[in-house]
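Quick notes on the structure that follows.
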Amino acid sequence: MLTLANPLTMMAFVGIFAGLGIGSSPGDSYAAVSLVTGVFLGSAAWWIVLSVSVGLLRSRLEASFLKWINRVSGLIIAGFGIAALMGLHAS
């Protein structure tokens, strides 16, 4: 449901399908159903793998290591934000 609720993901799939010419031939409902089912199952499998991996690793990581992960992640996100702002200023 998370993937279905994300408009950016949906627009990305629409763009990919349009770029590949998928759905341009009318009446091929089996191919359309197969494609949507495959995308759904692939997305669900990805979230299951991520959730299980985090669940298994969660108890093995110390709090101090998690603090460093949070700090580094915050710096990376801040760096992307600064780069985006610099890009706006340059144009």
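The values are calculated or read from the model by the stated rules, or taken from the named source; none is laboratory data. Computed from a predicted structure; not experimentally measured. Don't worry about glycine lacking a Cβ; one is built from the backbone with ideal geometry, like all the others, and counts go over all protein chains shown. Ligands, DNA and RNA are excluded from the accessible area calculation, which covers all protein heavy atoms including side chains. Shrake-Rupley method; radii C 1.70, N 1.55, O 1.52, S 1.80 Å.
Gly79 - would you say it is free of Cβ contacts under 8 Å to residues at least 40 places away in the same chain and more than 30 Å from Leu20 (Cβ to Cβ)? Let's see the steps before the verdict.
Numbers: free of Cβ contacts under 8 Å to residues at least 40 places away in the same chain: yes; more than 30 Å from Leu20 (Cβ to Cβ): yes.
Taking the combined requirement at face value, the residue satisfies it.
Please find, among Trp68, Trp47, the residue that is open to solvent by 90 Å² or more (accessible area, probe 1.4 Å) and touching a helix residue (DSSP H, G or I) at 6+ places or on another chain (Cβ under 8 Å).
Selected residue: Trp47, the only one of Trp68, Trp47 that is open to solvent by 90 Å² or more (accessible area, probe 1.4 Å) and touching a helix residue (DSSP H, G or I) at 6+ places or on another chain (Cβ under 8 Å).
Got at least one residue in region 23-41 being modelled with pLDDT of 80 or more and among the polar types (S, T, N, Q)?
The answer is yes; a qualifying residue exists.
Could you list, in sequence order, all residues of region 25-44 that are exposed (fewer than 10 other Cβ atoms within 10 Å of the Cβ) and either in a helix (DSSP H, G or I) or touching a Gly at 6+ places or on another chain (Cβ under 9 Å) (or both)?
Keep residues of region 25-44 that are exposed (fewer than 10 other Cβ atoms within 10 Å of the Cβ), which gives 25-27, 29-30.
Residues satisfying the conditions are Ser29, Tyr30.
May I ask you to verify whether Ser59 is more than 20 Å from the chain's Cα centre (by Cα) and at pLDDT below 85?
On the way: more than 20 Å from the chain's Cα centre (by Cα): yes; at pLDDT below 85: yes.
For Ser59, the condition - more than 20 Å from the chain's Cα centre (by Cα) and at pLDDT below 85 - is met.
Going by the structure shown, is Leu57 part of a helix (DSSP H, G or I) and open to solvent by 80 Å² or more (accessible area, probe 1.4 Å)?
Numbers: part of a helix (DSSP H, G or I): yes; open to solvent by 80 Å² or more (accessible area, probe 1.4 Å): yes.
In short, yes.
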